[in-house]
Amino acid sequence: MNPTTDLPDDAALPGIVAMRALGVTRALGLARALLALGLEDAPVAMHLVGYSPGERATLEVRVGQRRLAVKAYAADPTPEVVLYRALAAAGLSGDSGVRVPPLLAWDRDLRVIVIGWLEGPTAHELVKQGRGQRAGELAAQWLRCAASLPVRLGLPLGAARMLSRAREWVAWLREADPTLGDAATRLAATLAQAQPREDRSQLVHGTFYARHVLDLGDGAGLIDWERFGQGPLELDAGMFLATVWRLGLDHEALAGEATRALTALVEGTRDVLDERALAWHRAAALLRLASKVHAVKRRKPDWLARAHAQLAEAARLVEDALASEAVVPAKPPAFKPRGAALELVLQALSTRPATPEELDQIRKLLDATDDRAP
């Protein structure tokens, strides 16, 4: 591909700077990856599909008939690279079943990763197509898979961190409108009073929006892992349900489909999620989503009423959580008997890239687990 000026002029993204000057294939040294895919002679086309100034940019790159995602960051993407490798070792980057995009190449100096492109409608699109139940089933499918993953990578996430960030969200809402600030202040106080006990942590996506969950036909796909961490699965489930509920708020005709998505997720995770904690995290997610009105250029015409509706729904959810008793779900099956050894390996990979020998060791540990499973 020739050098291009179609990319943003953003000095904070060294990968974008290099691609503007040299083109995608030369800047990223993709020759080896393309050779492995048998695409070295195919024409290359590029399209910018996501951009947060000073933070990251996502490109859709077409090489012949193959689609790739090129993600350029301001920050070092090594933790995300390590995560993709760990998930691949756990069998989640194949061609079937529940999966994530496969890691194809990366450049630490340019802060760029190249991953495969998962094909399929998002859960957001499914709800809009009248397939809310399918959307909820896919989210539940992923959450059930995540409940038994032995991946212990990422910073701590959970209710305590949500409450810490709530102060910022409340401030944003007060700046946007005093009445929103008052409602958000009351909600944050109630969230603090109802904070759930969280004894277990799993790999969580961190931004489990309906737009990030894909229907791959034979399983759920999950993209955009920049904000992953360790926390309760209710955090991800709550965010998914908050984004689906908001879709029903914005489009009255979709409210029934949003409810069907909610029901499918809850029914599919009864033995995995604590419903009281789920209600709490749904409420916290709605507060987080409502606070986005601080970005004036992103406000919709009815932004004030919309934000109030999200805060009111959040208040209802957290009051219900206070009035109910926590029901701790059964502990999901773990990868045994070598789970501890596997965890040590994956913890080591949280600070550096894996060697081929370590990836082989992870695969052997997982194979041993599968062979011993009842």
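The values are calculated or read from the model by the stated rules, or taken from the named source; none is laboratory data. A quick note: this is a predicted structure, and the numbers were derived from the prediction, not measured. Counting neighbours? That spans all protein chains shown, and the Cβs are built from the backbone with ideal geometry, glycine included. Please note that ligands, DNA and RNA were not included when accessible areas were found on the heavy atoms of the full protein model with its side chains. Shrake-Rupley method; radii C 1.70, N 1.55, O 1.52, S 1.80 Å.
So, in nm, how far is label residue 299 from label residue 270 when the simple model puts each one 7 Å beyond its Cα toward the Cβ?
Here the modelled spin labels are 4.4 nm apart.
I need the calculated FRET efficiency for the pair residue 200 and residue 108, taking r as the beta carbon distance and R₀ as 35 Å, to the nearest 0.05.
In this case the efficiency is close to 0.60.
How do 278, 249 rank by accessible surface area computed with a 1.4 Å probe, from largest to smallest?
From most accessible down to least: 249, 278.
Between residue 60 and residue 161, take the C-beta separation as r, use R0 = 22 Å, and let me know the FRET efficiency to the nearest 0.05.
Step by step, r from the Cβ atoms, then E = 0.10.
What order do 300, 292 take when sorted by accessible area (1.4 Å probe), most exposed first?
I get 300, 292, largest accessible area first.
Modelling each spin label as a point 7 Å along the Cα-to-Cβ direction, I'd like the residue 193/residue 171 distance in nm, to one decimal.
2.5
Starting from the 7 Å offset along Cα-to-Cβ, what nm value, one decimal, do you get for the label separation of residue 322 and residue 45?
With each label placed 7 Å out from Cα toward Cβ, I get 5.6 nm.
Select from 309, 277, 294 the residue farthest towards the positive end of the dipole of the stretch 270-317; place +1 on Cβ of Lys and Arg, -1 on Cβ of Asp and Glu, and compute about the Cα centre.
The one lying farthest along the dipole's positive direction is 294.
Based on the mean of other Cβ atoms within 10 Å per residue, sort peptides 11-22, 57-68 so the most packed one is first.
11-22, 57-68
Calculated FRET efficiency, residue 22 and residue 95, Cβ-Cβ r, R0 41 Å, to nearest 0.05?
Given R0 = 41 Å and the Cβ-Cβ separation, E is 0.80.
With the convex hull built on the Cα atoms of the stretch 123-278, state its orientation-averaged projected area in nm².
Reported value for the Cα convex hull: 9.6 nm².
Tell me, what is the 1.4 Å probe accessible area of residue 227, in Å² to the nearest 10?
Only protein atoms counted, so the area is about 120 Å².
Given N residues in the stretch 150-210, what is Rg(Cα) / (2.2 N^0.38 Å)?
Scaled against compact globular proteins, the figure is 1.36.
Based on the alpha carbons, how large is the Rg to Rh ratio for the stretch 47-155 when Rh follows Kirkwood?
With Rh from the inverse mean 1/r over Cα pairs, Rg/Rh is 0.98.
In square angstrom, rounded to the nearest 10, how much accessible surface does residue 212 have for a 1.4 Å probe?
About 30 Å², ignoring ligands and nucleic acids.
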